[in-house]
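Taking it in order: structure first as structure tokens, then the write-up.
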Amino acid sequence: MNQNSDRSPDLWPSPSREAREVIRRGAEQALDPRPEWLAELFDAVMHSERTEPAYTDPVLQEGTRRANVSNLLHWATANVRDPGARVSANRSPDVLDASRDMVRRGFDETALETWRLGQSVAWRRWMEICFGLTDDRAVLYEVLAVTSQSISAFIDDTVAAVAETIRTERHELTHGTHPERLATVSLLLEGAPVPQETAEARLGHRLTGPHLGAIVWGHDVPGDRLENAAELLLAATGATRRLTVLATGSSLWLWLPVSTAPHSDELNTAFATLPSVHVAVGRPRQGLDGFRQTHLEAAAVQRMMVRLATSRRAGTYADTQLVALLSRDVAEADRFIDDTLGDLAGADPDLALTLRTYLDEQCNAARVAERLHTHRNTIVRRLGRCDELLPRRAADDPVGIGAALHLLAWRGPRGDS
């Protein structure tokens, strides 16, 4: 631990009035960080060798992002209020929840050390702010000396405080039904040689027969809403039971013993009653390998939905496999949408929906009218308007235009990505 963090408040430096003013003004800027700063901060932590394997899960990613933003805002807020004073440890719910989720996934308190990687990024950005606020070299030296100690001590104190909380709660986080299920499921997903009978006994769930994997998640939602979502999924699939694993404080992993999966549109309608909850569903599979594969498919759908910042609430692998493949590079996917659809991409969404349905229905306008509950003449007019907006007529590139339309249907507002 940094020796500065052991200094008592009585020994903490008292900056000059000029230095305090620069710190205050800088902290005010830090309270409104630029998106690229936050992205760099998160990237440094996410790609740590210690924790990178865990961050294939978008829920863990989001929890870590929130924890880092919370640390930044906690320090900045304190320095607006009392510039240069020692900042108390951050024990906010975002920080504690992210740390608890890491412990649930098998990491110990040393994973908190990755916050120091974010500290180095924050320090570089803080220096940029300070250099833009004063030309007085003596004041600048004082500001940097005080705040270097402040940031270092703040991270030390926060890591120590959170680690102590986690040590106290570790038994509760790692023992009991859900932690033991998560540990067993994690071994199965990794392909570890767990005897099937042992795994079934621990899970209370047969690994033979059909499996439909699903992930239910939502940030800032009460736990009972996730449970309600799991029950909705049970009803939508016709299943009578489910294996449920608490993967993080804001996500559930589910397996249902059914051989069919509902369509994404059906699930979106069902989940409209549960604000801020999302569901991703794999394909029905069989046996132990199917138990693993259907979950990995659900996880691929979840990553796609988060990546595209979609407004849709539910997705299935069967309906989104192409979109998941095409959207691995979001910037490239956006270029493909723009190049292929032209002005249609920003036009009335009913036009894109009509053309997408038309191509899905093998260019049968009557079936499109039936599916969309719209008069056939209206469908024909919309299709004509689509051709006017497209760089190339739909008949000239039905495959490319169809793929771009499916991407567009799942793409959320680009400013949110």
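Just so you know, all these numbers are worked out from the coordinates, no wet-lab data involved. Keep in mind the model is a prediction, meaning the values are calculated, not measured. Backbone-built Cβ (ideal geometry, glycine too); neighbour counts: all protein chains shown.
Annotations
- For region 191-274: Kirkwood Rh in Å [reciprocal of mean 1/r, alpha carbons]: 13.9 Å
- With a simple spin-label model that places each label point 7 Å from the Cα along the Cα-to-Cβ direction, the separation between R393 and A183 comes to 6.6 nm.
- Using alpha-carbon coordinates, inclination of helix 58-81 to the longest axis of the chain, degrees: 30 degrees
- Cα-based Kirkwood hydrodynamic radius, region 250-332, one decimal, Å: 13.2 Å
- Residues H47 and D343, FRET efficiency given R0 of 51 Å [Cβ-Cβ distance, rounded to 0.05]: 0.85
- Translational D in µm²/s for region 329-416 (Stokes-Einstein at 37 °C, 0.692 mPa s, Kirkwood Rh from C-alpha pairs): 252 µm²/s
- The simple Förster model, with R0 at 41 Å and r as the Cβ-Cβ distance, assigns Q362 and A331 a FRET efficiency of 0.80.
- Candidates P210, P83, P193, ranked by Gaussian network fluctuation over the chain, Cα under 10 Å, top entry: P193
- The chain - percent relative contact order, Cα under 8 Å, separation 6 or more: 13 percent
- Helix 17-30 vs. the chain, principal-axis angle (Cα, 0 to 90°, nearest 10): 10 degrees
- Shown in residue order for region 358-375 are the 3J(HN,Hα) couplings computed by the Karplus curve 6.51 cos²θ - 1.76 cosθ + 1.60 at θ = phi - 60°: 4, 5, 5, 8, 6, 6, 9, 5, 5, 5, 4, 4, 5, 5, 8, 6, 9, 4 Hz (x for Gly and Pro).
- Percentage of interatomic Cα-Cα distances in region 177-320 larger than 22 Å: 31 percent
- Estimated distance in nm for a label pair at E227 and L322, the labels positioned 7 Å out from Cα along Cα-to-Cβ: 4.1 nm
- At q = 0.11, 0.15, 0.21 Å⁻¹ the log10 of I(q)/I(0) for region 3-174 amounts to -0.46, -0.82, -1.40, computed by Debye summation with a single uniform scatterer per C-alpha, solvent ignored.
- With Rh defined as the Kirkwood radius, the inverse of the mean 1/r over Cα pairs, the Rg/Rh of the chain is 1.06.
- Cα centroid separation, region 111-182 to region 322-384: 47 Å.
- Computed from Cα positions, the angle between helix 223-237 and the longest principal axis of the chain comes to roughly 20 degrees.
- Computed extension length for T260-T208: 17.1 nm, one decimal, from 0.36 nm per residue of separation with the Cα-Cα distance subtracted.
- Computed from label points 7 Å out along Cα-Cβ, the spacing between R381 and E28 is 5.5 nm.
- Helices in the chain, meaning DSSP H runs of at least 4 residues, each add -39500 (n - 2.57). Divided by all residues, the mean residue ellipticity at 222 nm is -19500 deg cm²/dmol.
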